[in-house]
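Participant: Pasting a structure here, questions to come.
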2 protein chains.
Amino acid sequence: MDQSELEEKARENFETKKSISAEENSYYEAKIETMGLKTLERLIQFHPNPSKLMKKGVTFAHQDLETVVEAIGRNKPWSVICGLNPSGPLHLGHKMIFDELLWLQQQGAEVYIPITNDESYVVGKSPTLADSRRIAYDSVIPSIIAMGFDSKKTHIYVMSDYPEIYNVAMDLSKHTNLNRIFGVFGFGKDEVGENPGTLFYRGAVQLAQILLPQFEEFGGPQATLINVGVDQYPYLLLSRDVARKKGFVPPSAIFTKFLPGLSGTGKMTSSRIKSSIFLTDSLKDAEKKLKKAYTGGSILADFQRENGGVFDICPIYNLRANHFEPEYDLKDRCSSGDLLCGYCKKDAITEVLQYLSEHQAKLEDAKSRIDEYLLKTPIRSIL
Amino acid sequence: MDQSELEEKARENFETKKSISAEENSYYEAKIETMGLKTLERLIQFHPNPSKLMKKGVTFAHQDLETVVEAIGRNKPWSVICGLNPSGPLHLGHKMIFDELLWLQQQGAEVYIPITNDESYVVGKSPTLADSRRIAYDSVIPSIIAMGFDSKKTHIYVMSDYPEIYNVAMDLSKHTNLNRIFGVFGFGKDEVGENPGTLFYRGAVQLAQILLPQFEEFGGPQATLINVGVDQYPYLLLSRDVARKKGFVPPSAIFTKFLPGLSGTGKMTSSRIKSSIFLTDSLKDAEKKLKKAYTGGSILADFQRENGGVFDICPIYNLRANHFEPEYDLKDRCSSGDLLCGYCKKDAITEVLQYLSEHQAKLEDAKSRIDEYLLKTPIRSIL
């Protein structure tokens with residue numbers, strides 16, 4: 001390939017990346033439109049100290065956040081619920097969500113974190129209930145604790161060790177029906193070939209997690225917030241239906257964009273090990289993964305110097321911008337062509353390795369404090 | 001109406017009752033055919049002491065009872081599982097089933113009795129989980145204990161107080177799927193308008209009850225038997241599927257006919273108070289209900305003297321024959337026209353009232369012994 005062919009290829013590549021970026025933005029804009037969400041513009045404008053992810057547009061939309069704002073204004077208790085699947089250790093995509101949760105806790109929220117090993121198992125992400133349960137205690141909960149949550153306002157439970165959620169789920173299940181569930185999840189007649197556990201999980205257990213803080217044992221009806229990806233919208237709809245029928249406050253939601261995986265396609269997720277930086281990765285592994293990561297840069301340095309990088313689809317840019325605060329203006333230096341990917345990755349590696357080693361140093365102590373965080377309250381008000 | 005008209009009417013009435021009787025018998029014969037069951041003839045022939053209900057043909061069919069017989073022959077442990085809905089106190093229909101269970105316990109079975117207040121609630125037989133839970137402890141469990149079960153071999157649990165069944169149900173749910181469940185219960189596309197709790201109950205929780213004795217905590221894979229009505233056949237199918245996938249022994253079943261309600265239509269059931277004799281009924285109420293009961297007799301005494309009564313559809317006959325052992329041959333005296341309904345009812349009232357007063361005298365003591373019977377074993381083998 002001669003120089004002009006290379007330049008032609010670089011141009012094509014640049015245009016492709018630009019169009020992916022435009023597609024992605026219009027995807028989220030369309031979601032706001034079709035799901036009837038609101039942007040966070042007003043909150044960012046009026047809040048004395050909005051979260052980092054809100055300012056960056058990563059947490060990009062909400063539904064009914066007014067209910068939470070009002071509770072805060074009136075000094076009433078409110079809660080955030082954020083469950084997660086313990087099919088593997090936490091990765092930086094999780095950390096982003098938990099950073100947002102930490103900010104919400106600083107605004108006064110009680111934080112409920114169901115660790116859903118039941119879901120991991122029934123949807124096939126874990127071969128047994130026991131496997132994902134072990135991961136929960138060995139690494140997921142210690143990592144959450146190490147992030148700095150306040151044990152007095154944080155309530156973690158592993159589903160299979162808090163089976164009374166079953167009674168709550170059965171209690172709530174009467175207030176919805178299969179047609180509604182098939183409707184919100186878009187199942188067709190031929191797509192019901194899933195197991196009854198998945199259906200019950202989706203149609204009742206997840207509602208139980210979301211509405212749990214509104215049961216008598218936790219203070220009764222109150223404003224609640226879930227912090228989720230747009231794929232979780234059906235749960236918001238179902239839980240708002242059922243909340244109304246129970247005399248609860250319909251939950252509010254904020255929606256966060258996913259952190260892109262290192263391969264450049266899809267989100268960072270436990271099932272794609274090479275594409276994700278886990279909080280328990282060895283420094284060597286993390287460095288290797290980052291070095292191999294896809295970027296928004298060009299195959300030709302000169303081309304990139306002239307045209308800049310396509311930062312918003314770049315996993316390295318997103319990872320650095322969302323997690324670390326580089327001393328220089330990353331967006332500006334990338335788009336101006338001033339910062340090339342090699343240098344940027346080098347700095348990313350320094351930042352990630354420093355974070356991982358600091359985080360990992362806290363895990364042993366965090367493990368010894370798990371019990372302070374566990375929710376054990378029996379649910380008797382429905383029996 | 002003159003005498004000949006009355007006689008004509010009596011004849012018509014008699015023929016109707018005869019044809020209902022024939023219909024009922026062919027209903028059960030057809031069930032044996034379509035469900036591929038076996039009759040109990042061989043067992044009755046070779047067993048030194050078959051149960052009263054087997055001899056009478058009330059327990060009329062089985063599936064795979066050979067597996068249980070073999071376990072008994074080899075002196076291996078085996079279990080019977082018999083759940084019930086605590087939507088009201090026990091009635092004589094329940095007593096019939098529990099008489100059979102007592103006989104099975106005498107043959108060596110460990111007896112598991114899940115009291116399914118979760119089912120009562122999700123299928124709409126109880127307004128809350130709490131209502132049916134209260135009935136369970138106030139009257140259902142005391143009545144079971146008063147019938148004479150051995151506390152060392154009887155394991156009773158109220159579903160909402162044994163929520164770890166949730167983990168068992170989730171564990172098993174992965175081994176079946178919604179298509180199979182819709183198939184065995186015959187749901188059509190438009191009939192899925194039930195709640196996710198009902199579906200999970202039917203497709204997973206009931207399996208958990210049936211297969212529980214085969215979990216490590218209770219001795220691992222073993223012969224198990226359910227004693228049910230033919231309407232419960234889908235659960236047998238599902239549990240046999242899932243048992244195979246878990247490496248368990250596919251459960252066996254014996255099928256018992258229902259006790260007819262006093263009104264002459266349908267079975268005795270908690271939801272039809274006037275048609276059922278509850279074990280907690282006052283003697284006065286029981287007497288009233290029996291006096292008003294439908295019978296297999298004639299509107300004309302002379303006609304009945306000549307033609308006899310249609311005993312097999314008569315609730316009074318069934319009640320007496322299945323529960324009490326009159327000194328005279330009831331079937332013979334009824335069909336010969338020798339025993340008229342008035343006299344028969346009088347004896348029935350004496351028998352029922354004596355039984356109720358004896359049973360009720362034992363309830364206070366039984367209440368004080370509930371704890372000896374409750375299953376509390378945590379299920380850790382799957383976690």
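The values are calculated or read from the model by the stated rules, or taken from the named source; none is laboratory data. Quick caveat, the model's predicted, so the values are computed rather than measured. When we count neighbours, we look across all protein chains shown, and the Cβ atoms used for this are built from the backbone with ideal geometry, even at glycine.
Participant: Look at segment A:143-157 and say how many of its residues are within 11 Å of A:Val111 (Cα to Cα) and among the β-branched types (Val, Ile, Thr).
Facilitator: Looking only at that region, the number is 2.
Participant: From A:Gly183, A:Gly193, grab the single residue that is part of a helix (DSSP H, G or I) and at pLDDT below 95.
Facilitator: Going through A:Gly183, A:Gly193 in turn, just one is part of a helix (DSSP H, G or I) and at pLDDT below 95: A:Gly183.
Participant: Here's something else I'd like to know. In segment B:82-120, what residues are of a type in the set (Asp, Glu) and buried (at least 23 other Cβ atoms within 10 Å of the Cβ)?
Facilitator: Once the filter is applied, which keeps residues that are of a type in the set (Asp, Glu) and buried (at least 23 other Cβ atoms within 10 Å of the Cβ), segment B:82-120 yields B:Asp118, B:Glu119.
Per-residue answers, yes or no, for (1) closer than 22 Å to A:Pro260 by Cβ; (2) in contact with a Ser or Thr (Cβ under 9 Å, 6 or more places away or on another chain); (3) without any contact (Cβ under 8 Å) to a residue 24 or more places away in the chain:
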site: A:Lys38; (1), (2), (3): no, no, no
site: A:Gln63; (1), (2), (3): no, yes, no
site: A:Ser79; (1), (2), (3): no, yes, no
site: A:Pro89; (1), (2), (3): yes, yes, no
site: A:Phe98; (1), (2), (3): yes, yes, no
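Participant: To continue, here is another question. What residue, among those in segment A:336-383 that are in a loop (DSSP other than H, G, I, E, B) and of a type in the set (D, E, K, R), is nearest to the other protein chains (Cβ to nearest Cβ)?
Facilitator: The qualifying residue nearest to the other protein chains (Cβ to nearest Cβ) is A:Arg380.
Participant: Return yes when A:Val140 is without any contact (Cβ under 8 Å) to a residue 60 or more places away in the chain, assigned to a helix (DSSP H, G or I) and of a type in the set (A, V, I, L, M) and no when it is not.
Facilitator: yes
Participant: Determine whether segment B:150-164 contains at least one residue that is surrounded by 22 or more Cβ atoms within 10 Å (Cβ to Cβ), touching a residue at least 40 places away in the same chain (Cβ under 8 Å), facing another protein chain (nearest Cβ under 7 Å) and in a helix (DSSP H, G or I).
Facilitator: yes
Participant: When you go through (1) in contact with a strand residue (DSSP E or B) (Cβ under 8 Å, 6 or more places away or on another chain); (2) assigned to a helix (DSSP H, G or I) one by one for B:Val249, which number turns out not to apply?
Facilitator: The single condition B:Val249 does not satisfy is (2).
Participant: Which of the residues spanning segment B:231-256 are of a type in the set (D, E, K, R) and either in contact with a Gly (Cβ under 7 Å, 6 or more places away or on another chain) or at pLDDT below 95 (or both)?
Facilitator: Within segment B:231-256, B:Asp231 is the sole residue that qualifies.
Participant: So A:His94 fits all but one of (1) out of contact with any Leu (no Cβ under 7 Å at 6 or more places or on another chain); (2) part of a helix (DSSP H, G or I); what number is the exception?
Facilitator: (1)
Participant: Let me ask something additional. What's the number of the only condition in (1) under 22 Å from A:Ser276 (Cα atoms); (2) part of a helix (DSSP H, G or I); (3) touching a residue at least 60 places away in the same chain (Cβ under 8 Å) that A:Lys288 fails to meet?
Facilitator: For A:Lys288, the exception is condition (3).
Participant: Of everything in segment B:30-58, what is assigned to a helix (DSSP H, G or I) and surrounded by 13 or more Cβ atoms within 10 Å (Cβ to Cβ)? Give them in sequence order.
Facilitator: Result: B:Lys31, B:Ile32, B:Arg42, B:Leu43, B:Ile44, B:Lys52, B:Leu53, B:Met54, B:Lys55.
Participant: Still on this structure, I have one more. Looking only at residues in segment B:70-81 that are β-branched (Val, Ile, Thr) and under 12 Å from B:Gln222 (Cα atoms), which one is surrounded by the fewest Cβ atoms within 10 Å (Cβ to Cβ)?
Facilitator: Of everything passing the filter in segment B:70-81, B:Ile72 is surrounded by the fewest Cβ atoms within 10 Å (Cβ to Cβ).
Participant: Looking only at segment B:291-335, count every residue that is of a type in the set (A, V, I, L, M, F, W, C), more than 20 Å from the chain's Cα centre (by Cα) and part of a helix (DSSP H, G or I) and tell me the total.
Facilitator: Here the count works out to 5.
Participant: Take the residues of segment A:97-127 that are hydrophobic (A, V, I, L, M, F, W, C) and part of a helix (DSSP H, G or I): which is nearest to the other protein chains (Cβ to nearest Cβ)?
Facilitator: A:Val122
Residue-by-condition table, conditions (1) surrounded by fewer than 24 Cβ atoms within 10 Å (Cβ to Cβ); (2) among the charged types (D, E, K, R); (3) under 30 Å from B:Ala130 (Cβ atoms):
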{"residue": "B:Met170", "(1), (2), (3)": "no, no, yes"}
{"residue": "B:Arg202", "(1), (2), (3)": "yes, yes, yes"}
{"residue": "B:Leu207", "(1), (2), (3)": "no, no, yes"}
{"residue": "B:Gly220", "(1), (2), (3)": "yes, no, no"}
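Participant: To continue, here is another question. Step by step: first the residues of segment A:118-137, then only those that are free of Cβ contacts under 8 Å to residues at least 24 places away in the same chain and among the small types (Gly, Ala, Ser), then the one that is farthest from B:Val168 (Cα to Cα). Which residue is that?
Facilitator: A:Gly124
Participant: Tell me, yes or no, whether segment A:198-211 has at least one residue that is more than 23 Å from the chain's Cα centre (by Cα), within 12 Å of chain B (Cβ to nearest Cβ) and in a helix (DSSP H, G or I).
Facilitator: no
Participant: Let me ask you something else. Given the options B:Leu178, B:Leu199, B:Leu212, name the one that is touching a strand residue (DSSP E or B) at 6+ places or on another chain (Cβ under 8 Å) and of a type outside the set (S, T, N, Q).
Facilitator: B:Leu212
Participant: Here is a further query. Starting from segment A:337-362, keep only residues that are free of Cβ contacts under 8 Å to residues at least 40 places away in the same chain, then list their pairs with residues that are basic (Lys, Arg) whose Cβ atoms are within a distance under 7 Å, requiring at least 6 positions of separation or different chains.
Facilitator: Listed by first residue and then by second, the contacts come to A:Gly337/A:Arg305; A:Leu339/A:Arg333; A:Glu351/A:Arg320.
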